[in-house]
Amino acid sequence: MSNWYANETDSWYAPPQREEPAREEKPKKKMRAWLKAAIAVLIVIGLITGSALLFPNGGRGASADPDRSEDSSGSGFGPFLLPRDDDDTLPDDFREFFENYYTATEDGRTTINIAQTDLPEGFVCTVVPAGEELSLQELYRRCSASIVAISGYIDGKSGYNWGTGVVLSEDGLILTNTHVIADCDRATVTLGDDSVCEAKLVGADSISDIAVLKIEASGLTPAVFGDSSALEVGDSVAAIGNPLGEEYRLTLTRGIISGIERGINYKGHNMNLLQTDTAINEGNSGGPLLNMYGQVVGITNMKMMSSYSSVEGIGFAIPSATVVRIVNLLVKEGSVSGRPALGITVGMIPDEAREQYGEKMPAEGGLYVVSVSEGSDAKAKGLRAGDVIMEVDGALVSATSELSEMKDKLSVGDTMHFVILRDGERMELDIALVDTNDVYG
């Protein structure tokens with residue numbers, strides 16, 4: 001999982017496991033004491049244009065595959081200290097330095113073993129014009145009937161994942177986050193009348209974190225979707241969801257839109273999200289962020305957390321413009337295809353590391369390869385962690401956003417020419433773009 005601060009910090013909350021503590025602890029990589037002491041906790045979040053991980057040209061964190069591009073100017077972390085040995089020098093091995101400087105993202109495929117159903121016919125998710133502004137009481141009465149609870153079960157494990165869903169159609173199409181049902185073998189949907197329905201999978205997309213389920217039902221109340229592109233910072237919004245567990249089902253919280261087009265990275269996948277100070281907690285995943293007209297303008301899916309500092313009121317939601325597009329692809333095709341991927345995780349090179357490691361680093365620019373994904377042509381062609389990308393298609397690269405922009409102009413099957421530095425030796429590779437689903441599932 002992509003971390004925001006260091007190896008012990010988890011930016012995404014997973015769906016809580018029932019019969020377990022409310023906050024699920026993730027496996028944590030051990031860190032040296034000197035590295036812990038080196039981490040500053042000042043967070044500076046700026047407006048990001050395009051896809052980006054939260055760190056600028058000189059920030060901390062892992063920059064992921066430009067298919068899921070990161071690193072962009074304008075946002076990132078505040079002051080931090082470079083990882084050093086006890087004698088206040090950088091490690092002798094540059095790989096050790098970058099292992100501690102960057103936290104690699106998880107590149108594994110998302111596996112969902114829930115039984116699939118036939119694709120629905122005739123359904124189209126649409127955005128409708130706004131109507132009359134509602135009070136919070138009116139909004140809750142009108143919208144809560146469209147909110148359900150999602151339980152995901154993994155064979156052989158006690159307890160279950162817990163999240164929120166949104167009713168898409170009267171006959172039982174349900175929207176939620178992919179990460180709520182990731183690794184699950186079955187799922188159920190709990191309706192407002194407490195009835196529980198077995199769910200089947202229509203389709204899921206790990207890149208956008210959008211999934212569609214189907215239950216056997218009739219007469220449900222579909223949510224109404226609004227235009228997220230009409231939102232402005234300061235607009236009032238509300239969330240309805242199921243934080244922490246069944247006892248808090250259909251909790252209403254309110255806030256404002258705090259930012260537009262925040263480039264956030266989850267498991268290396270870039271997401272362009274809405275930022276809100278509306279209270280969002282574990283279990284809210286897959287629930288709606290509503291405008292004051294009772295329309296879904298986003299699907300809440302994450303919040304910022306830190307084990308080093310108190311972080312309050314920084315939550316995120318997938319814009320309805322993205323949700324509607326992905327939902328319509330999933331109900332039509334069952335998946336989203338055709339997005340080109342390189343399958344690599346890369347990050348910028350800090351000046352101090354460039355100076356310390358001399359000929360093993362380029363004189364200027366360059367991107368350090370943190371990891372290479374199975375299933376990618378990059379892996380097949382021999383690109384590996386520890387390599388430094390110097391040029392792509394004849395151009396110097398120093399930010400993942402640059403590499404991402406180049407990749408996004410191409411299609412699956414197109415080839416990009418890489419000049420890399422491996423232990424000071426210059427090498428050249430031609431790497432073909434693959435379908436994102438072939439790498440990340």
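The values are calculated or read from the model by the stated rules, or taken from the named source; none is laboratory data. Since the structure is predicted, the reported quantities are computational estimates derived from the model, not experimental observations. Neighbour counts are summed over all protein chains in view; Cβ atoms, including those assigned to glycine, are modelled from backbone coordinates with ideal geometry.
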Could you tell me whether Glu428 is over 22 Å from the mean Cα position of the chain (by Cα) and touching a residue at least 12 places away in the same chain (Cβ under 8 Å)? no
Might you check whether a residue that is farther than 23 Å from Glu312 by Cα, charged (D, E, K, R) and surrounded by fewer than 21 Cβ atoms within 10 Å (Cβ to Cβ) occurs anywhere in the range 253-262? no
Need at least 2 residues that are polar (S, T, N, Q) per element, so show me which strands (runs of 3 or more DSSP E) inside the range 220-306 make the cut, counting only ones lying wholly within it. 251-266, 269-276, 296-303
Filtered residues of the range 107-143 (kept if of a type in the set (Gly, Ala, Ser) and over 28 Å from Ala187 (Cβ atoms)): Ala130, Gly131, Ser135
Would you call Asp209 assigned by TED's automatic domain parsing to the domain that holds Gly152 and touching a residue at least 12 places away in the same chain (Cβ under 8 Å)? yes
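Does Gly313 meet the test of being part of a loop (DSSP other than H, G, I, E, B), modelled with pLDDT of 95 or more, among the small types (Gly, Ala, Ser) and within 20 Å of Ser236 (Cα to Cα)?
no
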Could you tell me which of the residues Val372, Val331, Val336, Val323 is over 30 Å from Val127 (Cβ atoms), aliphatic (A, V, I, L, M), within 25 Å of the chain's Cα centre (by Cα) and buried (at least 17 other Cβ atoms within 10 Å of the Cβ)? Val372
How many of the residues in the range 403-412 are modelled with pLDDT of 85 or more and either within 20 Å of Ile264 (Cα to Cα) or surrounded by 23 or more Cβ atoms within 10 Å (Cβ to Cβ) (or both)? 3
For the list (1) touching a helix residue (DSSP H, G or I) at 6+ places or on another chain (Cβ under 7 Å); (2) surrounded by fewer than 19 Cβ atoms within 10 Å (Cβ to Cβ); (3) among the hydrophobic types (A, V, I, L, M, F, W, C), I need the number of the one condition that Ala341 fails. (2)
Which one is nearest to the chain's Cα centre (by Cα) among residues in the range 179-202 that are crowded, with 24+ Cβ neighbours inside 10 Å and not β-branched (Val, Ile, Thr)? His179
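Kindly establish whether Gly152 is in a strand (DSSP E or B), within 22 Å of Ser320 (Cβ to Cβ) and touching an Asp or Glu at 6+ places or on another chain (Cβ under 9 Å).
no
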Please go through (1) touching a strand residue (DSSP E or B) at 6+ places or on another chain (Cβ under 6 Å); (2) over 16 Å from Tyr102 (Cβ atoms); (3) modelled with pLDDT of 90 or more for Gly382 and return the number of the only condition it doesn't satisfy. (1)
